[in-house]
Amino acid sequence: MDLYLEKINKRYGKTPVLNDINLSLKDGELLTILGPSGSGKTTLLRIIAGLERPNKGKIVISGQIANNPDILIPPQRRDIGMIFQNLALWPHMTVYENISLGLRNRKKKINNNDINKIVFQVVERFGIKRYLDRYPTTLSMGERQRVALARALVLDPGLLLLDEPFSHLDWNLKDEFLDLIKSLNTTIIYVTHQVFDILRLNSKVALLIDGKLEAIGKPEELINTTSSKAKDFLRCLSLYKDRNFNS
């Protein structure tokens, strides 16, 4: 899925959150959005998903306008999967019910045999078939993470939005999931505020500071930003400790 954002602006009351965000992704591309807490990363993902509407700007998904002043395509018609930091699994549903829910809610009905076939293919891939009859609260954090990914990918979305979903995992488990993300054959936007993630993914990075897109490129290219706030953030991450930020 291709994605194009043009001059996306968002404010809450008089408080600006996003300011003239321009982004484009090609089909199958992985983009990491890096920025401190409160920089507008989650709001940007919610706008792309259709969960919020920008005050200004245009979104084009696979050549079709999804949002402008006159058009709004609802979330369920955008072919987008999203995983939040809290995973948002339904605690009263089994793993099978959580994963199959999106398939059952599709406008074009799918029979039970086909739903079972699709679910089993996905859970085999993530190694969670033995958990299908269990509830999320009985699973470890890593197991819940696999369930959340399976629930998003069972719909075969054209675009996958990941909002810091691995921030609470230990390093070894996070490393495993980041490798999994890199192996997926879909367009992905991965939001983080951690340098480990961007170096591990080694993708194009968009640096978001105070709602402004300050730089975009490979991790080593972010140093070219002229924003003092962006340089301060990168310095705090010790991302380029051998570089001269005062030049």
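The values are calculated or read from the model by the stated rules, or taken from the named source; none is laboratory data. All of these numbers come straight from a predicted model, not from anything done at the bench. Cβ coordinates were reconstructed from backbone atoms using ideal geometry, including for glycine residues, and neighbour counts include every protein chain displayed. The area values use the complete protein model at the heavy-atom level, side chains included, leaving out ligands, DNA and RNA. Shrake-Rupley method; radii C 1.70, N 1.55, O 1.52, S 1.80 Å.
Things worth noting here:
- Taken together, the criteria place Ser39 among residues that are under 30 Å from Lys231 (Cα atoms) and open to solvent by less than 40 Å² (accessible area, probe 1.4 Å).
- All positions within segment 183-197 that are modelled with pLDDT of 90 or more and either open to solvent by 10 Å² or more (accessible area, probe 1.4 Å) or more than 13 Å from the chain's Cα centre (by Cα) (or both): Thr186
- Residues that are more than 24 Å from Glu164 (Cα to Cα), open to solvent by less than 50 Å² (accessible area, probe 1.4 Å) and not β-branched (Val, Ile, Thr), drawn from segment 54-95: Gly57, Ala66, Asn67, Asn68
- Total residues in segment 154-211 satisfying the condition of being closer than 23 Å to Leu234 by Cα and part of a loop (DSSP other than H, G, I, E, B): the figure is 13.
- Selected residue [free of Cβ contacts under 8 Å to residues at least 12 places away in the same chain, farther than 22 Å from Leu208 by Cα and not charged (D, E, K, R)] from Ile99, Ile71: Ile71
- Filtered residue count, segment 200-221, keeping only those that are within 20 Å of Ile181 (Cβ to Cβ) and touching a strand residue (DSSP E or B) at 6+ places or on another chain (Cβ under 8 Å): 11
- Residue list for segment 198-210, restricted to those being out of contact with any Pro (no Cβ under 6 Å at 6 or more places or on another chain) and open to solvent by less than 20 Å² (accessible area, probe 1.4 Å): Leu201, Ser203, Ala206, Leu207, Leu208, Ile209
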